[in-house]
């Protein structure tokens, strides 16, 4: 019978680090990644030599980029894995680092996400098969259609969906690692339409940055003298990919199934979640994925949003980092950064973004394909 991470030995996040997500600069990816790793090592108060294995999540940089980066910390001959899984690359790196530690292969592992936009168009190999929609449907058009579909199905005002972006820009304005750090009014968010009811400030920016976390077993925590009071348990990890029959919105159907498995493994109900970090690359995605957790009934998200239920300090803080809309989406780092935000919240170290009393958080990412990764962390 297949086993879950929760069936294996407990694993904990003991260190987190970031390089701010930002618009493209001349900074090398090596410098981006090293800053995040060094910050994570400092946060855990352990030396680089204590890390036994490394997982590098990246989608835009090309082949085998981790070694030229990690050798600046010391070439110690330890295992190194490179992972590309579209927007879920960092989430995948985190999951497999957790699996290695939970299985007892290592006591301490690093998951690092790092990316920079390529100078030209992202390369995707041709399937060799004709597709009538390749030059007709672009992401913002797809999500504009989903925005209209959601509004019609639930009798919502499409402009109200933009309130998701207003909330997330306000959260990002308090986050020193966010790409967008400016409070936006509803009027500002609704300016600059790009497709249907979707506007530029309702879409994630894709820039550069890095995020790193260090995972350890209880044995590793004790041996290295890590402060156990700041170690956050990885309560569950679930992953999946799309299956036939969910033609309208496969990402939401897949997310619902994967979130359900992750919460079941963690033995929690949706109403027990204090923090949600979701793949909100477009405003409507936050509605769809939050409702997919079961945290509210379908169609109720917007009314609860207006009541402040999803604000920091509300019923559940959703995208307290600013989410992909304001924190940004440099691809490789994004899933790792979500874990870092949840760890910060559960430790009570989030400063102006702190959601009081946070004890449980869920991180969710989907990737082109579609794939989905969900992690539940607990204090």
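Applying the selection to segment 79-115, what residues are part of a loop (DSSP other than H, G, I, E, B) and touching a helix residue (DSSP H, G or I) at 6+ places or on another chain (Cβ under 8 Å)?
88, 106, 107
Does residue 178 fit the bill of being in a strand (DSSP E or B), at negative phi and within 16 Å of the chain's Cα centre (by Cα)? If you could, list the steps in order and put the result at the bottom.
Details: in a strand (DSSP E or B): no; at negative phi: yes; within 16 Å of the chain's Cα centre (by Cα): yes.
For residue 178, the condition - in a strand (DSSP E or B), at negative phi and within 16 Å of the chain's Cα centre (by Cα) - is not met.
Checking residue 62 against (1) modelled with pLDDT of 95 or more; (2) over 26 Å from residue 172 (Cβ atoms), which test does it fail?
(1)
Yes/no matrix, rows are residues, columns are (1) free of Cβ contacts under 8 Å to residues at least 24 places away in the same chain; (2) within 21 Å of the chain's Cα centre (by Cα); (3) over 26 Å from residue 218 (Cα atoms):
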| position | (1), (2), (3) |
| --- | --- |
| 18 | no, yes, no |
| 22 | no, yes, yes |
| 47 | yes, no, no |
| 60 | no, yes, yes |
| 64 | yes, no, yes |
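Which numbered condition in (1) touching a strand residue (DSSP E or B) at 6+ places or on another chain (Cβ under 9 Å); (2) in a loop (DSSP other than H, G, I, E, B); (3) more than 29 Å from residue 236 (Cβ to Cβ) is the only one that residue 9 fails?
(3)
Tell me yes or no: at least one residue of segment 145-161 is under 22 Å from the mean Cα position of the chain (by Cα), part of a loop (DSSP other than H, G, I, E, B), over 25 Å from residue 369 (Cα atoms) and at pLDDT 95 or above.
no
Does any residue in segment 354-374 that is assigned by TED's automatic domain parsing to the domain that holds residue 213 come within less than 7 Å, Cβ to Cβ, of a residue that is modelled with pLDDT of 95 or more and surrounded by 18 or more Cβ atoms within 10 Å (Cβ to Cβ) six or more places away or on a different chain, and which pairs are these?
Qualifying pairs under 7 Å: none.
Filter segment 181-203 down to the residues that are farther than 21 Å from residue 16 by Cβ and assigned to a loop (DSSP other than H, G, I, E, B) and list them by number.
182, 183, 184, 185, 191, 192, 196, 197
Only one residue in 110, 76 is under 16 Å from residue 340 (Cβ atoms) and outside the structural domain of residue 374 (by TED's automatic domain parsing). Which one?
Of the residues listed, the single one that is under 16 Å from residue 340 (Cβ atoms) and outside the structural domain of residue 374 (by TED's automatic domain parsing) is 110.
What helices (runs of 4 or more DSSP H) completely inside segment 260-331 contain at least 2 residues that are within 20 Å of the chain's Cα centre (by Cα) and under 18 Å from residue 249 (Cβ atoms)?
283-293
Which residue out of 308, 322, 351 is surrounded by fewer than 24 Cβ atoms within 10 Å (Cβ to Cβ) and under 15 Å from residue 176 (Cα atoms)?
Result of the check over 308, 322, 351: 351.
Name every residue in segment 204-256 that is in a helix (DSSP H, G or I) and over 21 Å from residue 324 (Cβ atoms), in order of residue number.
218, 219, 220, 221, 222, 223, 224, 228, 229, 230
For residue 216, indicate whether it is assigned by TED's automatic domain parsing to the domain that holds residue 322 and buried (at least 22 other Cβ atoms within 10 Å of the Cβ).
So residue 216 does not fit the description; no.
The values are calculated or read from the model by the stated rules, or taken from the named source; none is laboratory data. Only a predicted model underlies this, so the values are computations on that prediction, with no experimental measurement involved. Note that each Cβ is placed from the backbone with ideal geometry, even for glycine, and that neighbours are counted across all protein chains shown.
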